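Take a look at the structure set out below.
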Amino acid sequence: MPELPEVEVVRAGLAPAVTGSLIAGVSVFDDRALTRHPAGAADFVTRLEGRRIDTASRRGKFLWLPLARTEGDDAALVAHLGMSGQMLLRAPDAGAERHERLRLHLHHPVHGELAVVFSDQRTFGSLAVDRLVPDGPTIVPTQVLHIARDPIDPFFDDLAFVDAVRRRSSAVKRVLLDQTVVSGIGNIYADEALWASRIHPETPASRLSAASVRRLLLEVRAVLAKALAEGGTSFDAQYVNVNGQAGYFAHSLNAYGRGGQPCPRCGGPILREAFMNRSSHYCPRCQRRR
DNA sequence: GGGGGTTCCTGTACGC
DNA sequence: TGCGTACAGGAACCCC
């Protein structure tokens, strides 16, 4: 399930291959890959073919490839991987991937012909061509404007975050998953950061002290940084880097996916509970409900 | 506009 | 073996 570290691994993997590349062709095999692009597949293809890619950018779990500027048009190819989306770098004549939805045929000035394959089992991921607009000191696609900066963004405002969290009455885990408060955190890293901070996931955010929220933010950053260093979290074939390789962070998880197993800190059993149509994993001994 | 629940989707695991 | 069902969850959407 791609969260910030996984998307960043994909962005970093794509960057050297796509930067400066010309989009020679676009093949759309499944329109569901374009639910973010309401104008449809033909329009999507027209807007991309013949354009050059400038770089690879990211905010939270959104990834985008800004296109070299043409007159009156500042656009980017936006991608959200959803739960199972993959961006794979392949040779131009590579056979179809199992859940291939879309393929970009690129020409790189140094590396020559290559393909970027968007493959997605559960079809929650999707792509679009979107207009780029300024957002403070940065430029983002309009579809990303409502998303808050992520905790490793140099312009992330720690004080505003602490304030925003403490204004919410919802469970703190729900607030961590709210991409308009802080982006990039999904179920895995929310559980891990709460475990590291010894905070019960159902604690109303407004009940946390400013110091607790600051500590939580530190733990969020620590868990994201460690996952990034280990290439992201892979449980099955649903998350891989651009070369199809899995990440190693699943071996470092303390709470997520460890229901019934001993807490690495106190030895008590990790509890798995239903939460927001998904699961929460926490240690009821270390993370007391207040 | 905050809050909380529902929906979209497919492959896998599991019970009967 | 075959069928039905639960489960995984990011983000948009809905109603209160």
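Give me the pairs, please: first residue somewhere in the stretch A:110-127 and free of Cβ contacts under 8 Å to residues at least 60 places away in the same chain, second residue anywhere and basic (Lys, Arg), beta-carbon distance under 9 Å, and either six or more positions apart or on two chains.
A:115/A:90; A:115/A:103; A:117/A:90; A:117/A:101; A:117/A:103; A:119/A:98; A:119/A:101
Can you spot a residue in the stretch A:189-209 that is over 19 Å from residue A:85 (Cβ atoms), at pLDDT 90 or above, of a type in the set (Ser, Thr, Tyr) and within 16 Å of DNA strand B (Cβ to nearest atom)?
There is at least one residue in the stretch A:189-209 that is over 19 Å from residue A:85 (Cβ atoms), at pLDDT 90 or above, of a type in the set (Ser, Thr, Tyr) and within 16 Å of DNA strand B (Cβ to nearest atom).
What do you reckon, is residue A:211 within 23 Å of residue A:271 (Cβ to Cβ) and not assigned by TED's automatic domain parsing to the domain that holds residue A:11?
Numbers: within 23 Å of residue A:271 (Cβ to Cβ): no; not assigned by TED's automatic domain parsing to the domain that holds residue A:11: yes.
Criteria not met by residue A:211.
Sort out for me the strands (runs of 3 or more DSSP E) sitting completely within the stretch A:42-85 that have 3 or more residues that are within 16 Å of DNA strand C (Cβ to nearest atom) and in contact with a Leu (Cβ under 7 Å, 6 or more places away or on another chain).
Details: elements: A:57-59, A:62-66, A:75-80.
By residue number, A:75-80.
Take residue A:181 and decide whether it is over 18 Å from residue A:83 (Cβ atoms) and buried (at least 24 other Cβ atoms within 10 Å of the Cβ). Write out each step before concluding.
Numbers: over 18 Å from residue A:83 (Cβ atoms): yes; buried (at least 24 other Cβ atoms within 10 Å of the Cβ): no.
So residue A:181 fails the test.
For residue A:129, indicate whether it is out of contact with any Ser or Thr (no Cβ under 7 Å at 6 or more places or on another chain) and away from DNA strand B (no atom under 13 Å from the Cβ). Steps first, please.
Details: out of contact with any Ser or Thr (no Cβ under 7 Å at 6 or more places or on another chain): yes; away from DNA strand B (no atom under 13 Å from the Cβ): yes.
Yes, satisfied.
Restricting to the stretch A:1-29, give me the number of residues that are outside any helix (DSSP H, G or I), within 16 Å of DNA strand C (Cβ to nearest atom) and at pLDDT 90 or above.
Total satisfying the criteria: 1.
Report, by residue number, each residue of the stretch A:133-152 that is closer than 25 Å to residue A:17 by Cα, of a type outside the set (Val, Ile, Thr) and out of contact with any Ser or Thr (no Cβ under 8 Å at 6 or more places or on another chain).
If the condition is that a residue be closer than 25 Å to residue A:17 by Cα, of a type outside the set (Val, Ile, Thr) and out of contact with any Ser or Thr (no Cβ under 8 Å at 6 or more places or on another chain), then A:141, A:143 are the ones that fit.
Does residue A:49 meet the test of being modelled with pLDDT of 90 or more and under 23 Å from the mean Cα position of the chain (by Cα)? It would help to see each step written out before you state the result.
On the way: modelled with pLDDT of 90 or more: yes; under 23 Å from the mean Cα position of the chain (by Cα): no.
Judged against the criteria, residue A:49 is not a match.
Considering only the stretch A:157-170, I want to know if a residue exists there that is in contact (Cβ under 8 Å) with a residue 60 or more places away in the chain and crowded, with 18+ Cβ neighbours inside 10 Å. Show your work before the answer.
Kept after step one, since they are in contact (Cβ under 8 Å) with a residue 60 or more places away in the chain, are these residues of the stretch A:157-170: none.
No - not one qualifying residue is present in the stretch A:157-170.
Could you please give the count of residues in the stretch A:172-201 that are in contact with a helix residue (DSSP H, G or I) (Cβ under 7 Å, 6 or more places away or on another chain) and either among the aliphatic types (A, V, I, L, M) or more than 14 Å from DNA strand C (Cβ to nearest atom) (or both)?
13
Residue-by-condition table, conditions (1) without any contact (Cβ under 8 Å) to a residue 60 or more places away in the chain; (2) among the hydroxyl-bearing types (Ser, Thr, Tyr); (3) under 18 Å from residue A:202 (Cβ atoms); (4) outside the structural domain of residue A:174 (by TED's automatic domain parsing):
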residue: A:249; (1), (2), (3), (4): no, no, no, no
residue: A:255; (1), (2), (3), (4): no, no, yes, no
residue: A:264; (1), (2), (3), (4): yes, no, no, no
residue: A:268; (1), (2), (3), (4): yes, no, yes, no
residue: A:271; (1), (2), (3), (4): yes, no, yes, no
residue: A:276; (1), (2), (3), (4): no, no, yes, no
residue: A:289; (1), (2), (3), (4): no, no, yes, yes
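What are the residue pairs meeting all of these: first residue in the stretch A:188-214, first residue free of Cβ contacts under 8 Å to residues at least 40 places away in the same chain, second residue within 13 Å of DNA strand C (Cβ to nearest atom) and charged (D, E, K, R), Cβ atoms under 6 Å, and 6 or more apart or on different chains?
Short answer, once both residue conditions are applied: A:190/A:173.
Output the residues belonging to the stretch A:66-103 that are within 16 Å of DNA strand B (Cβ to nearest atom) and within 18 Å of residue A:5 (Cβ to Cβ). Lay out the reasoning, then the answer.
Going residue by residue through the stretch A:66-103, those that are within 16 Å of DNA strand B (Cβ to nearest atom) are A:80-86, A:96-102.
Answer for the stretch A:66-103, where residues must be within 16 Å of DNA strand B (Cβ to nearest atom) and within 18 Å of residue A:5 (Cβ to Cβ): A:80, A:81, A:82, A:83, A:84, A:85, A:86.
Looking at the stretch A:203-235 only, could you name the residues that are surrounded by fewer than 18 Cβ atoms within 10 Å (Cβ to Cβ) and more than 15 Å from residue A:162 (Cα to Cα)? Walk me through it before giving the result.
Narrowing the stretch A:203-235 to residues surrounded by fewer than 18 Cβ atoms within 10 Å (Cβ to Cβ): A:204, A:206-207, A:209-211, A:214-215, A:218, A:221-222, A:225-226, A:229-230, A:235.
Result: A:222, A:225, A:226, A:229, A:230, A:235.
Do the conditions hold for residue A:63, that is, is it within 23 Å of the chain's Cα centre (by Cα) and within 16 Å of DNA strand B (Cβ to nearest atom)? Break it down stepwise before answering.
Details: within 23 Å of the chain's Cα centre (by Cα): yes; within 16 Å of DNA strand B (Cβ to nearest atom): no.
Taking the combined requirement at face value, the residue does not satisfy it.
The values are calculated or read from the model by the stated rules, or taken from the named source; none is laboratory data. Quick caveat, the model's predicted, so the values are computed rather than measured. Neighbour counts run over all protein chains shown; Cβ positions are idealised from the backbone, glycine included.
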